[in-house]
Amino acid sequence: MSDNKRYGFTTTILHNDRRKTIEQGSLHKPVHTSVAFGYADARQLASVFQGKEPGFRYGRQGNPTVSALEDKISKMEDGVATLCFGTGMAAIGALFQALLKTGDHIVSSSFLFGNTNSLWQTVAGQGVDVAFVDATDVAQVEAALQPNTRLVFVETIANPRTQVADLARIGELCRARGILYVVDNTMTTPWLFRPKDVHAGLVVNSLTKSIGGHGIALGGALTDTGLFDWAAYPNIAQNFRKQAPGAQGMAQLRAKALRDFGAALGPEAAHHIAVGAETLALRMERTCANALALATMLEADERVAAVHYPGLASHPQHAIVEELFRSGGSLLSFELKDDIDPFDYLNRLKLAIPASNLGDNRTLVIPVAHTIFFEMGPERRASMGIAEGLIRVSVGIEDTDDLVGDFRQALDA
């Protein structure tokens, strides 16, 4: 398959491996388990190590199976290069490991995945100043910027309260100031939204979630959109300045976060994720439709105190969703009236499963304050808008009537 026609999203991902030669005519890139790669010519081995020609050095820095997945993710995000990591958190940690130094400053949305919040707290204790702001308001991001601000980090749709960052205006601000703009696209996925469209320089995806889709493999990715001027970034080491300006950031990330820190994705996991990615658009269309139907039902029920879903017209950032996203996503959260115990309610569900993952084919539910956000304490939860009885729902691909009926019968019981 060697034609240069520009195909649609799913067609491109489905046939991407075949645009390059695959061993034995396989339809999928095979799983390469070897951690070492031999060369018949020792000079060629040296040339690969020096970056003068393409090739594989050692499994920690790259692998044919992982490389094929990286190429898929780049196509999904319309990026110029992607690095895959063992988890989504490893991908975010790579930013600190490879791109930040003591005395640097970053601005982060205060509405964050709990583990990302924990990571930034750790980073703050290691000499990098972190300012948490309400990223739904670009003015707050701008007010937090300092001369030593190296990057701005936001999530598209915040987990679990679904706040939507002022993505386009923050992107314009970062572009005007020459600041690296990092957008975590996990909750939207490249099917619903491409952060490149709002001038993001790096895009984070937890491949564990909707891109993999089946809850069977951990993985994460950083994609370079090609929009950021790495030649102007002060923390690029001199040896990576020998690379073309556009390649300097990813070269340093690969060396420092994969080679040195060892946060590599294994080939077996890469294969599972690559296969799951083929049906991303199909699954997202179903999960997003289910999420809207479920959120609509819950919002209309007087026994429900609040519903947080960006696809609802009542959501504070619904206009941004309408402008930038294909739909409101597959994540929602809600609060029951005070006389309904959230644990009893969850135990009455027949289909939805109490579990902590996101982006699975199955609908998963969790009492947020008592589990994944318990560690941060009530004061920090309150600052993030997380009520003590908040229930998070990662909506799956079940038949819509069955799913909505399950949540309704748990209210009626």
- [ ] For Glu268 and Ala305, calculate 0.36 nm times their separation in residues minus their Cα-Cα distance, and state this gained length in nm to one decimal.
- [x] 8.9 nm
- [ ] Return the FRET efficiency for the residue pair His318, Thr21: r is the Cβ-Cβ distance, R0 is 56 Å, and the value is rounded to the nearest 0.05.
- [x] 0.75
TODO: For each pair in Lys209/Lys350; Lys20/Lys209; Lys52/Lys209, compute the distance between the two Cα atoms and list the pairs where it is over 25 Å.
DONE: Lys20/Lys209; Lys52/Lys209
Task: Accessible solvent surface per residue of the chain, calculated while the other protein chains remain in place, 1.4 angstrom probe, Å² - done: 42
- [ ] State the Cα centre-to-centre distance between the range 96-171 and the range 14-34 in whole Å.
- [x] 38
Task: Alpha-carbon spread of the chain, three principal axes, descending order, Å - done: 73, 53, 36
Task: Greater than 20 Å apart at Cα, pairs in Lys29/Lys75; Lys29/Lys72; Lys196/Lys256 - done: Lys196/Lys256
TODO: Run through the DSSP bridge list for the chain and note the antiparallel percent, rounded to the nearest 5.
DONE: 55
Task: Relative contact order computed over the chain (Cα-Cα under 8 Å; 6+ residues apart), in percent - done: 16
Open item on the list: Please report the carbon-and-sulfur percent of the accessible area for the chain; probe 1.4 Å, protein heavy atoms only, DNA, RNA and ligands left out.
Closed with: 51
TODO: Please find the FRET efficiency linking Lys52 to Ala124, where r is the Cβ-Cβ separation and R0 is fixed at 45 Å, and quote it to the nearest 0.05.
DONE: 0.65
- [ ] Work out, step by step, the length gained on full extension between Ala413 and Asp344: first 0.36 nm times the residue separation, then minus their alpha carbon distance; give nm to one decimal.
- [x] 23.8 nm
TODO: Return, for the Cα atoms of the range 88-202, the radius of gyration and Dmax in Å, separated by a comma.
DONE: 12.8, 37
Task: Charge context of Ala168, other residues only, Cβ under 9 angstrom, K/R +1, D/E -1 - done: -3
- [ ] Sticking with the crude label model, points 7 Å out along Cα→Cβ, report the distance from Ala143 to Gln238 in nm, one decimal please.
- [x] 4.2
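The values are calculated or read from the model by the stated rules, or taken from the named source; none is laboratory data. Just so you know, these numbers come straight off a predicted model, no measurement behind them. Counting neighbours? That spans all protein chains shown, and the Cβs are built from the backbone with ideal geometry, glycine included. To get the accessible areas, we keep the full protein, side chains included, count just its heavy atoms, and leave off ligands, DNA and RNA. Shrake-Rupley method; radii C 1.70, N 1.55, O 1.52, S 1.80 Å.
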